[in-house]
Amino acid sequence: MRSIPALAIVAIACGLLAQPVATRAAEAPYEPQLMRLAEILGSLHFLRNLCGEEGDDWRRQMEDLLEAEVSEPPRRARMVAQFNHGYTAFEANYTVCTEAAVEAIRRYMQEGEALTRDMVGRFGN
């Protein structure tokens, strides 16, 4: 179920977002996409483990993203809240891997990759 391009989502975003803090505004122009990416990572962390993937790859990717992007505690808290929201939204409704869960994984992987490509294309150096 692991996809190399999918695992590269956060690596690409981290490279894009590794700008000096002084060059970023209080809210970066890519903030909505970044928050959505955090939510997607939380969803994938729950769903991929539910459907047989073992490990913390998606949580680690979120940690990498936080390390590369966030220096202010309130912003970090917002991103963590989005990750947790993505996780708990599925945790509340899924106890076993279903076809719907597999389809959600597929769609979130595509959306995460598209978000990353868009952020790199629009805001990358």
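Below is a table of values for the structure above.
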| quantity | calculated |
| --- | --- |
| GLU67-ARG106 FRET efficiency (beta carbon distance; Förster radius 41 Å; 0.05 resolution) | 0.90 |
| Cα centroid of the range 95-125 to Cα centroid of the range 27-46, whole Å | 10 Å |
| Within the range 40-69: backbone nitrogen closer than 20 Å to the CYS97 label point (7 Å, Cα to C-beta) | 40-61 |
| Virtual spin-label span in nm between ARG117 and ALA81, 7 Å along Cα→Cβ | 3.2 nm |
| Cβ-defined net charge surrounding ARG107, 14 Å radius [Lys, Arg +1; Asp, Glu -1] | -2 |
| Net charge, LEU37 excluded, C-beta distance under 13 Å - Lys, Arg +1, Asp, Glu -1 | -4 |
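Every number in this text was worked out from the coordinates using simple rules, so none of it is lab data. Treat the numbers as computed from the prediction; the structure is a model and nothing was measured. Here Cβ is always computed from backbone atoms with ideal geometry, including for glycine, and neighbour counts include all displayed protein chains.
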